[in-house]
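Here the structure is laid out as structure tokens; the discussion comes afterwards.
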Amino acid sequence: SLSFGARDKAQHRHDKEYNLVLEDEIEFIKSLPLKGTRKKTKKKKKKKEEDSESSSSSDDDEEEEEEEEEEEEDVMKAPDNSKMSIQEVRRSLPVFPFRDSLLAAIRDHQVLIVEGETGSGKTTQIPQYLYEAGYCDDGKKVGCTQPRRVAAMSVASRVAQEMGKKLGNEVGYSIRFEDCTSERTRIKYMTDGMLMREFLVDPSLEGYSVIIVDEAHERTLHTDILFGLLKDVARFRPDLKLLVSSATLDSEKFSDFFDEAPVFRIPGRRYPVHIYYTRSPEANYIEAAAVTVLQIHITQRLGDVLVFLTGQEEIEACQEILTERVKALGSKIRELIVLPIYANLPSEMQAKIFEATPPGARKVVLATNIAETSLTIDGIVYVIDPGYAKQNYFNARSGMESLVVVPISRASANQRAGRAGRVGPGKCFRLYTKWAFENEMEENTVPEIQRVNLGNVVLQLKSLGIGDLINFDYLDPPPAETLILAMEQLYALKALNHKGELTLTGRKMAELPVDPMMGRMILAAGEFGVVEEVLTLAAMLSVNGAIFYRPKDKAIHADTARKNFFHPDGDHLTLMNVYNEWAGTEYSSQWCYEVFVQYRSMKRARDIRDQLAGLMERVEIQLSTNPADSMAIRKAITAGYFYHVARFSKGGMYKTAKKGQTVMMHPQSCLCEDLPRWVVYHELVLTTKEYMRNVVVIDGKWLLEVAPHYYRDNEVQDNTSKKMPKVKGKAKEELTKEYADPVS
Ligand code: CDP
Ligand code: MG
């Protein structure tokens, strides 16, 4: 648990230096009822002797430890890493004094659990220690898994720099659709999903001398499955070393799982972090976060700020608010450097968050959950935590999976707060009430394996020859009904036969680095003669980042440009239009700029497309093409996504075909104006309602053709492909008003 630091008098003295606060800005700041800071702002002009009184207003301040104050003032100055050489920085990390004892423990034990605070140097240093100790001498690799793509890339690039090597040579990374390694690579960072894929090619991981399962506390689906697979490999490969590294207190659990493997604890450096709560819940946490940043910037001493948001859209929204307000304040405030970090941010921009803040300026990092434990940003003194994260949730009963913004757990909240206490005492501003923290938040985050669709993992385990999935060695088992549903789904997709064994189709699906539905769609495209087209839209759907952008000041132009791509049969074909037109310009960036399309996303789509196309030979599919045959394309989509069928109901609403759940058309869909009767959606996004994102028009009859084992005649009776009457009046209003701002 966190220690609550004392509010020091020095802080108040320091605050007084900032008399730049504008009157209206104070008003504006006051509107956010943050405990502590708000009081301080109010009382700012009062006499010094009253200062001690003001601090008693915060619940947590009451037991102040006076003697800490002096010390606190000293350590408040963040250590200046910028003057240290990179090797000095390495030696300054908490793990460094334990280098030799750690190596000795690894030598003496096959499996070792390593526990240490975020920022101790586990991820960047341990693979280097192993390399230096000769674990790579016979050409073998040290593999280190990361739950997140961004972390794998950024850590690899940092380590390459520390070792003075070019990224992709001795040190490399491998993430889905992007392999930055070579035959020279000895230290390989990769996503946990990629290591799982390597099992398919090399089930005993012969190329590795050590595997580090890093950030194990994150408990992602792939990490959890890797535990079972690696435990097994370790049994028949006594020369393989296995390290499980974790930032939190789950070590005992990992140790139990790995037959009482010893735990190596790296003592952390952690300074007290003072926690503030809001008095009442914040309706708009993005706005509140921006306000808090400015409040900190104006009233608090220097030190960088880390804000946790749920995704790219929120980060961009917050960045926009901040940029506007900072501009309005002009030269009255110090320099504020606002930097985003999220999975789809290009790597050269990701690297910026690690650059030292110029003297006199303040850095604000707007981050997704990635900064909770995967990435350590030096110099953070203030954390702003709105208390939310985006998660995948799968409802086995309805068979629906969607991306949801959910409250984080207390464990997460404490991790986030901890980010403020790395360089000195820090402050964490929680944009929720203390009551909510104590009563509404769960103790721990539910491991992914217990809340997501398991189709992909079941397919991979089946192709590894693991027949009995119920009795697989899980750290925490998935719910039986989710497993059964995944098997049923794979059966319906023809990946498994009625005995639950992998079919030839299933084997091919497992070869493709996409989920089973997309895999099936691609294979079906072979049957319908539209492989080129379906690969294009598969790539466009796999990009993750936004395809279109919509600058506020050019919103109308951007909307018009987007509408020009609209295809009457739906968003998939609209995306295909965008790609094909772009390809027609020889992949021009200027063209993207002119039509408000994100060049970066398009480049990535091209990359993914090339890779998928390169795999077609392996799965014995010819690269057929027929761009004009919208029906064939949509039938192929339906063959993969027949689980995602919805039928028009009433009032602008749809019901899913099998379970009758209410879903809505996403406001960004090109089908919004003219709602068709039957649709297939790519995914669901939950905000106030379930929204279907990326939707395509189908004919109900096709379901009997492409998924006869799943749909019965009477379920697709209403099988006219005629369009619905245009949505007008109330229904239309209903459709457009709700989603003021859907999550994505
Ligand atoms: O894995 P763990 O949280 O224990 O620490 P780490 O990620 O190895 O980070 C150790 C140090 O390397 C921290 O001080 C980071 O700020 C620094 N680092 C960096 O400067 N650039 C990166 N891309 C990653 C880490
Ligand atoms: Mg780490």
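For Asp232 and Asp713, calculate 0.36 nm times their separation in residues minus their Cα-Cα distance, and state this gained length in nm to one decimal.
Length gained, Asp232 through Asp713: 168.5 nm.
Kindly provide the GluC sites (Glu not before Pro) of segment 300-341 that DSSP labels as loop, not H, G, I, E or B, and whose Cβ sees at most 16 other Cβ atoms within 10 Å.
Qualifying residues, ordered by number: Glu335.
Per residue, what accessible area does segment 569-622 have, given a 1.4 Å probe and all protein chains present, in Å²?
Per-residue accessible area for segment 569-622 comes out at 49 Å².
What is segment 165-234 by shape, rounded, prolate or oblate, if you read a ≥ b ≥ c off the alpha carbon gyration tensor as root eigenvalues and call it rounded for a/c under 1.5, prolate for a/b larger than b/c, and oblate otherwise?
prolate
For segment 308-384, calculate the relative contact order in percent as a whole number, restricting contacts to Cα pairs under 8 Å that are 6 or more residues apart.
For segment 308-384, the relative contact order is 42 percent.
Would you grab the residues whose amide H sits under 5 Å from the one on Ile266? Only those 5+ places off in sequence or on another chain, please, with H modelled 1.01 Å from N.
Amide H to amide H, under 5 Å and 5 or more residues apart or across chains, Ile266 pairs with Glu115, Gly116.
If eta is 1.567 mPa s and T is 4 °C, what Stokes-Einstein diffusion coefficient results for segment 593-645, Kirkwood Rh from Cα pairs, in µm²/s?
Rounded, D is 95 µm²/s.
I want the local charge near Phe596. Using Cβ-Cβ distances under 10 Å, sum +1 for each Lys or Arg and -1 for each Asp or Glu among the other residues.
Summing Lys/Arg as +1 and Asp/Glu as -1 gives +1.
Give me P(r) over segment 523-648, computed from all C-alpha to C-alpha distances, binned every 10 Å, as integer percentages.
With 10 Å bins starting at 0, P(r) equals 13, 41, 33, 11, 1.
A 20 angstrom limit on the alpha carbon distance is what I want to check against. Which of Lys83/Lys165; Lys122/Lys427; Lys231/Lys462; Lys390/Lys554 exceed it?
In this structure, Lys83/Lys165; Lys122/Lys427; Lys390/Lys554 exceed 20 Å between Cα atoms.
What does the extension gain come out to for Gln161 and Lys659, with contour length at 0.36 nm per residue minus their alpha carbon separation?
174.0 nm
So what's the net charge close to Glu372: Lys and Arg +1, Asp and Glu -1, counting the other residues with Cβ under 9 Å from its Cβ?
+1
Whose amide H sits under 5 Å from the amide H of Ser245, counting only residues 5 or more places off or on another chain, with H placed in the peptide plane?
Val114, Val213, Asp214, Glu215, Ala216
Once amide H atoms are built 1.01 Å from N in the peptide plane, which residues 5 or more positions from Leu496, or in another chain, come under 5 Å H to H?
Tyr491, Thr503
Please give the Cα centre distance for segment 223-259 versus segment 378-436, rounded to the nearest Å.
So the separation of the two Cα centres works out to 27 Å.
In nm, to one decimal, how far is the Leu623 label point from the Tyr599 one, both placed 7 Å along Cα→Cβ?
In this crude spin-label approximation the distance works out to 2.5 nm.
Of the heavy-atom accessible surface of segment 594-644 (probe 1.4 angstrom), what whole percent is carbon and sulfur?
So the carbon and sulfur contribution to the accessible surface is 45 percent.
How many angstrom lie between the C-alpha centres of segment 284-307 and segment 115-165?
Result: 33 Å between the Cα centres.
Name the shape class, rounded, prolate or oblate, that the alpha-carbon gyration tensor gives for segment 433-558, where a ≥ b ≥ c are the square roots of its eigenvalues, rounded holds for a/c under 1.5, and otherwise prolate holds if a/b is larger than b/c and oblate otherwise.
oblate
For segment 435-447, what does the Karplus curve 6.51 cos²θ - 1.76 cosθ + 1.60, with θ = phi - 60°, yield as ³J(HN,Hα) per residue in whole Hz, taken in order and with x for Gly and Pro?
Each residue of segment 435-447 in turn: 4, 4, 4, 7, 10, 9, 7, 6, 5, 10, 6, 5, x Hz.
Using the beta-carbon distance between Glu481 and Ala436 and R0 = 25 Å, what value does 1/(1 + (r/R0)^6) give for FRET efficiency, to the nearest 0.05?
That gives a FRET efficiency of 0.20.
Tell me, what ³J(HN,Hα) does each residue in segment 201-218 have, in order and in whole Hz, if you take phi through Karplus 6.51 cos²θ - 1.76 cosθ + 1.60 with θ = phi - 60° and put x for Gly and Pro?
8, 9, x, 9, 6, 4, x, 10, 9, 9, 10, 10, 8, 8, 6, 4, 4, 5
With a ≥ b ≥ c the root eigenvalues of the C-alpha gyration tensor of segment 127-207, is it rounded (a/c under 1.5), prolate (a/b larger than b/c) or oblate?
It is oblate, given that a/c is not under 1.5 and a/b is not larger than b/c.
May I ask you to list the GluC sites (Glu not before Pro) in segment 393-481 that are in a DSSP loop and have at most 11 other Cβ atoms within 10 Å of their Cβ?
Glu443
Averaged per residue, what accessible area in Å² does segment 402-511 show with a 1.4 Å probe, protein chains only?
Per-residue value: 40 Å².
With Cβ to Cβ distances under 11 Å as the rule, what net charge do the other residues near Lys635 carry (K, R +1; D, E -1)?
Here the count lands on -2.
Can you list the HN-Hα couplings for segment 602-618, worked out from phi with the Karplus curve (6.51, -1.76, 1.60; θ = phi - 60°), rounded to whole Hz and with x for Gly and Pro?
5, 4, 5, 4, 4, 4, 4, 4, 4, 5, 4, 4, x, 8, 4, 5, 4
Can you list, largest first and rounded to whole Å, the semi-axes you get for segment 272-351 by taking the square root of 5 times each eigenvalue of its Cα gyration tensor?
Rounded to whole Å, the semi-axes are 20, 18, 14.
Under a 1.4 Å probe, what is the accessible area of segment 290-352 per residue, stated in Å²?
Ligands and nucleic acids excluded, the result is 36 Å² per residue.
The values are calculated or read from the model by the stated rules, or taken from the named source; none is laboratory data. Remember, it's a predicted structure, so these values are computed and weren't measured experimentally. A quick note on method: Cβ atoms are made from the backbone with ideal geometry, for glycine too, and the neighbour counts reach across all protein chains shown. In case anyone asks, the SASA skips ligands and DNA or RNA and just uses the protein heavy atoms, side chains included. Shrake-Rupley method; radii C 1.70, N 1.55, O 1.52, S 1.80 Å.
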